[in-house]
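S.K.: I have a structure I would like to understand better, so I am pasting it below and will then ask my questions one at a time.
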């Protein structure tokens, strides 16, 4: 069964680069990658925060938050 | 042909987590991932710096540096 990976972003240039390179480089055989734009899906900001996400872009893998470079703090998306 | 990815780290706990989860999640069909411990291979710090790496752990994908969380600044490894 594939594991879930969630890529949180906010459409910023740093986010787009990370999405196109890091998120897209994940192994599709092992990971089902969900892309979540927190600027458009504000209802999911709390979920990201609870998972440990502090800024975007961030990748949630097996429940662990990995912040990739720095685009914007989560607080700017509330 | 596989593309090269380089994961730079320094053995720190943040580095190990990123290596075991992010670097290991890359698609092995598309990427040949090289793991470089900059604490043990100080001769490669300059190469990492030239590629835009400012801290470890960092992943270099297609020439672009993606800093994953924050373990240590590159300056601490010189």
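S.K.: What is the distance, in nm, between label points placed 7 Å from the Cα along the Cα-to-Cβ direction at residue A:29 and at residue B:24?
M.R.: It works out to 1.6 nm between the two label points.
S.K.: Using the Cα atoms of segment B:1-51 to build a convex hull, what is its mean projected area in square nanometres? Kindly include the intermediate steps, with their values, before the conclusion.
M.R.: On the way: hull surface 15.0 nm².
Value for segment B:1-51: 3.8 nm².
S.K.: Ok, one more. Evaluate peptide A:53-61: per residue, the Cβ atoms of other protein chains within 10 Å of its Cβ; return the mean as an integer. Please list the in-between numbers first.
M.R.: Working: counts 0, 1, 0, 0, 1, 2, 5, 0, 7.
Mean shielding by partner chains, rounded to a whole number: 2.
S.K.: Could you tell me which residue in chain B puts its beta carbon nearest the axis mapping B onto A, with the distance rounded to whole Å?
M.R.: B:27, 2
S.K.: Between residue A:41 and residue A:75, 0.36 nm times their residue separation minus their Cα-Cα distance comes to what?
M.R.: The span from residue A:41 to residue A:75 would gain 10.8 nm if fully extended.
S.K.: Calculate the mean, over all residues of peptide B:64-72, of how many other protein chain Cβ atoms lie within 10 angstrom of the residue's Cβ. Present the calculation step by step, with values, prior to reporting the outcome.
M.R.: Values: counts 6, 1, 11, 4, 8, 7, 2, 0, 0.
Going residue by residue through B:64-72 and averaging, the value is 4.
S.K.: Could you pull out which residues in segment B:45-78 have an amide N less than 17 Å from a spot 7 Å beyond the Cα of residue B:4, following the Cα-Cβ vector?
M.R.: Counting only backbone N, you get B:45-53, B:58-66.
S.K.: If you restrict to DSSP beta bridges whose two residues both lie in the protein assembly as shown, what percentage is antiparallel, to the nearest 5?
M.R.: Details: 22 of 36 bridges.
In the protein assembly as shown, approximately 60 percent of DSSP beta bridges are antiparallel ones.
S.K.: Inside 10 Å of the C-beta atoms of A:12-18, what's the mean count of C-beta atoms belonging to other chains? Please list the in-between numbers first.
M.R.: Values: counts 0, 0, 1, 0, 0, 3, 4.
Counting Cβ atoms of other protein chains within 10 Å of each residue's Cβ and averaging gives 1.
Each value in this text was obtained by applying a stated rule to the coordinates, not by laboratory testing. Here the structure is a predicted model, which means the values were calculated and not measured. Note: ideal-geometry Cβ built from the backbone for every residue, glycine included; neighbour counts use all protein chains shown.
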